[in-house]
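The values are calculated or read from the model by the stated rules, or taken from the named source; none is laboratory data. Please read all numbers here as calculations on a predicted model, not as lab measurements. Glycine also receives a Cβ, built like all others from the backbone with ideal geometry; neighbour counts cover every protein chain displayed. Note: areas computed on protein heavy atoms with side chains; ligands, DNA, RNA excluded. Shrake-Rupley method; radii C 1.70, N 1.55, O 1.52, S 1.80 Å.
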Amino acid sequence: AVAVGFSLAITLPRAGNLGGGGFMLIYLSDEQKTVAVDFRSSAPNNLSEKDFIFLKNNYDQRRYGYKASAVPGTVAGLLETHKRYGKLPLRKILQPVISQARKGIYVSYDLNQAIGSAEQLTLDSESKNIYYKNKVPLKEHILIKRPDLAWTLNEISKDGQRAFYTGSISKKIVEAMQQNNGYITAKDLKNYQPRFSQPIQTSYRDHKVLAHPPPAGGAAVLLEALNIIENFEIDEMGPNSASFVHIFAEALQRGHMDRSRFMGDPEFYNVPIKKIISKQRAESLAKDINANLVTKSKSINPESLFKEGENTTHYSIIDNDGNVVSNTYTLGYSFGSGVTIPGTGILLNNQMNNFAYQYGDPEVIDRSASIGNRFEPGKRPMSTMSPIVVLDENNSIKLITGSPGGALIPAAILRVVTGVIDFDLNLGEASMLPRIHKDWPYENLLLERGFSKDTHDLLKSFGHEIEESKTMGSTQSILISSKGIEGFADLRRPNAGVAIQYD
């Protein structure tokens, strides 16, 4: 898992990263214990009120360039996790990754298209030198070698976290920040620490679903939606029927409502996560769902609780001993802020864009005004990333999954989980079900292609405002079943693969 995390910075630079952050779940087979690792990027600590006002009023400055970047957590998260639970020496793990960077990779169609779509790369001279040639994006099939990343990885293999956060790499990051009026300081890097905690969880039809705690807001959406769906008998429904899609959408909308208002960094805000994912909350919300009529967002009261770039990536891993890693990490936008730290190959995130800069504005009700996710120095922004692990009725590992996709992440994962548990589909069938997304406070119901005209017509008769969507997410999943271990990489994105391991 650590090797994959570093390798993706070379092979999937738009999302795989050393300059971003994420969430990880680790299941330790011997102890039958699951650990959550928060290595989300955090806001620099030295930002003043003047800096906040600047970011609030300058949308592009908090998306592109040096001011857009929060303190990266990926390296600390991967290395501290390896230190606690890994078996192989770090040098051995990173040697093939260093070799991969030196030898290079061939530019795929997907990478060529991604470069051409990320305008921020053209605003940074270092990034432009790496990803462009003769003023055009690197062409498909060209070999791109990464000696800069090889140097960075070699430094990490020798000195671990120290190299990145206080040593040779840190010095290059701080120097570039100072030269370009960025916010990250040497002290910010030195003080960054991943957080280890217990996952949040719920039961769903005799299964246990484990997810990452706040600031992973997508996890709360997923668990709350499952709790709501559990209140309905769906045995006689089909996974693509209008009846099930309607309940799915209504549950998802309510989950996003709570995420939009009450989710944030628990070290800065007392997130009411137990209430959000409680069975009582779900039962109360489910009572207001009409099986044949859409609920308008304005009629759902978020205050009743007290009386996101889609370019992320996920991978799921299981070993011979049954240990599991479910990891989702991100740069934010595709290629993040567009900034590459000179001499390192490290692309930086644009997570400063993920705070709720409209907090306090009474005219704004969506998540841009969230009390839980308002900007504060040192804070980690809320994210919809949601790696999960599902245990069966015997408390054994059944499903490991997660997805990129920004706000679409919970819906993509929820579709796989319900497909496997409620409709007894195999992993490929569940992964390739056409997907559904319903956010809050928006009225449109997003549907991928694949639903019948009859389903569309019935949903419209319920009052849904249907919008045809591009593909949603890209789940990377492992299912342990009576057949063996099935692995399925979502076919929605290029170069996906499928495998089944029979014992």
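Here are a few things to note about the model shown:
- Solvent-accessible surface (1.4 angstrom probe) belonging to Ser481, in square angstrom, nearest 10: 40 Å²
- For Lys274, the aspartates and glutamates whose Cα comes closer than 16 Å to its Cα, not counting residues fewer than 8 places off in the same chain, are Glu224, Asp258, Asp265, Glu283, Glu303.
- Counting protein heavy atoms only, the chain has 47 percent of its accessible area on carbon and sulfur, 1.4 angstrom probe.
- Segment 368-491, relative contact order in percent, only Cα pairs under 8 angstrom and at least six apart counted: 23 percent
- Note, ³J(HN,Hα) from phi for segment 435-450, Karplus 6.51, -1.76, 1.60, rounded to Hz, x at Gly and Pro: 9, 10, 9, 9, 9, 9, x, 9, 9, 6, 9, 8, 10, 6, 5, x
- Projecting label points 7 angstrom from Cα along Cα→Cβ for Glu465 and Tyr59 puts them 2.0 nm apart.
- Rg and Dmax, both from the Cα atoms of segment 90-186 and both in Å, are 15.4, 39.
- Among the trypsin sites (Lys or Arg not before Pro) in segment 1-87, those located in a DSSP loop and surrounded by at most 16 other Cβ atoms within 10 Å of their own Cβ are Lys87.
- Here, P(r) means the percent of Cα pairs in each 10 Å bin from 0 to the largest distance; for the chain it is 4, 20, 31, 27, 14, 4, 0.
- Antiparallel DSSP beta bridges within the chain, as percent of all bridges there, nearest 5: 90 percent
- For segment 247-400, the normalised intensity computed at q = 0.11, 0.14, 0.15, 0.17 Å⁻¹ comes to -0.61, -0.93, -1.03, -1.19 (log10 of I(q)/I(0), Debye sum over alpha carbons, equal scatterers, no solvent).
- Mean residue ellipticity (222 nm) of the chain, computed from DSSP H runs ≥ 4 via -39,500 (n - 2.57), nearest 500: -10000 deg cm²/dmol
- Approximate shape of segment 1-63 as ellipsoid semi-axes (Cα gyration tensor, √5λ), whole Å, largest first: 33, 18, 8
- Gyration tensor (alpha-carbon) shape descriptor, segment 174-298, a/c threshold 1.5: prolate
- Per residue accessible area of the chain, 1.4 Å probe, in Å²: 40 Å²
- When the surface is traced with a 1.4 Å probe over the full set of protein chains, Ser334 keeps roughly 20 Å² accessible.
- Compactness relative to 2.2 N^0.38 Å, alpha carbon Rg of segment 180-231: 1.76
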